[in-house]
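A short worksheet on the structure shown next.
None of the figures in this text is laboratory data; all of them are computed from the coordinates on show. All values reported here derive from a predicted model rather than from experimental measurement.
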Amino acid sequence: MDDYKVTIKETLERTITVPAETPEEAKDRVKSEYRNQQHILDSSDFTGVTFTAKKA
């Protein structure tokens, strides 16, 4: 019998609408807000899970 390492990857996703002049400005704004914990993703933002196995 072999040993395997199994990786579990959960995905959380939320779309934020912000006013901005460019897509880059919008992304920078949301990144900053995220770093400042203004957007905290939780189980209601769950979009999926994957399992990957490879030989140890």
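Using only Cα atoms, find the angle between the long axis of helix 23-35 and the longest principal axis of the chain, and express it within 0 to 90 degrees, rounded to the nearest 10.
Value to nearest ten degrees: 70.
Any aspartates and glutamates with Cα under 20 Å of the Lys54 Cα? List them, leaving off those in the same chain fewer than 8 positions away.
Asp2, Asp3, Glu10
In terms of the ratio Rg/(2.2 N^0.38 Å) built on C-alpha atoms, what value belongs to the chain?
Details: Rg = 17.3 Å, N = 56, 2.2 N^0.38 = 10.2 Å.
Cα-based Rg divided by the globular estimate yields 1.70.
So what is the calculated 222 nm ellipticity per residue for the chain, using -39500 (n - 2.57) for each DSSP H run with n of 4 or more, over all residues, to the nearest 500 deg cm²/dmol?
Numbers: 1 runs with 13 residues, N = 56.
Taking each H run of at least 4 residues, the total per residue is -7500 deg cm²/dmol.
If you average the sequence gap of Cα pairs under 8 Å that are 6 or more apart and divide by the length of the chain, what percent do you get for the contact order?
On the way: 55 pairs, mean separation 37.0, N = 56.
That works out to 66 percent.
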